[in-house]
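Rule-based calculations on the coordinates, nothing more; no lab input. Not measured: the values here are computed from a predicted model. Cβ: placed from backbone, ideal geometry, glycine included. Neighbour counts: every protein chain shown.
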């Protein structure tokens, strides 16, 4: 029997960083669902698809094949066979991913792939609707969050470290707007599953969060 851990939460909560480390410590496969949506969004951007054109988005989604493979222990996101790890973390890709993830054809295609992975491996998945839609029967469900201000500062520091010019106030506004879109979209809105444990990481270090989540996971699976 395969064990699954579902981690949900808003943008910038650190889900991917924590999930990746937790998977390594538990020996699970980490499935970065956000990266999969970003890969789809990158495809739309590369092909000049307008995020507001639902019909064009739906048609293009059928032409994009997104998969995940591991090479030398590193997760590689493949878009039509090409490794796009280096392209999908750009700000414009994240904004596009948030905008197009509301469309059912986009979600349906990626959710099917994610569920198939969970049937084959012990996985940790993070996203917006893992515990509520993708893996409703997950052994462990955690809703991880932090204040808008803390999440914006984390993103600001990350971009500054990469030498990118950015505005803290603009990042904060973008995160607030993304939260609203994710929580109010018609299809699979962001929300805490009824049986998920709430974990606010505003005042916690990465090591503290990983230790806490490992304790939770090992107590259940």
Seminar exercise, completed: In nm, the gap between the two label points placed 7 Å beyond Cα toward Cβ at residue 160 and residue 215 is 3.1
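Relative to the compact-globule scaling 2.2 N^0.38 Å, provide the ratio for the alpha-carbon radius of gyration of the range 35-115. All intermediate terms of the calculation are to be shown ahead of the outcome.
Values: Rg = 11.9 Å, N = 81, 2.2 N^0.38 = 11.7 Å.
Here the Cα radius of gyration is 1.02 times the empirical estimate.
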Seminar exercise, completed: Once residue 2 and residue 25 are pulled to full extension, the length gained, defined as 0.36 nm per residue separation minus their Cα-Cα distance, is 6.6 nm
Seminar exercise, completed: Expected max-MSF residue from 175, 142, 206 in the GNM of the chain (alpha carbon, under 10 Å) is 206
Seminar exercise, completed: Reduced to Cα centres, the span from the range 52-98 to the range 114-185 in Å works out to 16
Problem set entry | Label selected from [x] 72, 36, 25; [y] 47, 41, 37; [z] 61, 47, 37, the criterion being Cα extents along the principal axes in Å as computed here | [y]
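When ranked by the protection proxy of mean other Cβ atoms within 10 Å per residue, highest first, what sequence do the peptides 53-61, 123-131 form? Mind showing how you got there, number by number?
Working: 53-61: 16.0, 123-131: 27.8.
My ranking of the peptides, most packed first, is 123-131, 53-61.
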Problem set entry | Length gained when the stretch residue 202-residue 116 is fully extended (0.36 nm per residue, less Cα-Cα span) | 27.6 nm
Exercise. How big is the antiparallel share of DSSP beta bridges in the chain, given as a percent to the nearest 5?
Worked result: 30
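If you take the beta carbon distance between residue 70 and residue 169 as r and set R0 to 30 Å, what does 1/(1 + (r/R0)^6) give as a FRET efficiency, to the nearest 0.05? Before the final figure, lay out the partial values.
Working: r = 39 Å, r/R0 = 1.28.
Efficiency for this residue pair is about 0.20.
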Exercise. What 222 nm value per residue comes from the helices of the chain, counting each DSSP H run with n ≥ 4 as -39,500 (n - 2.57) and dividing by all residues, nearest 500 deg cm²/dmol?
Worked result: -15000 deg cm²/dmol
For this session: Let me have the relative contact order for the range 35-121, percent, based on Cα pairs under 8 Å that are six or more residues apart.
Result: 35
For this session: Report relative contact order for the chain in percent, whole number only (criteria: Cα-Cα under 8 Å, sequence separation at least 6).
Result: 33
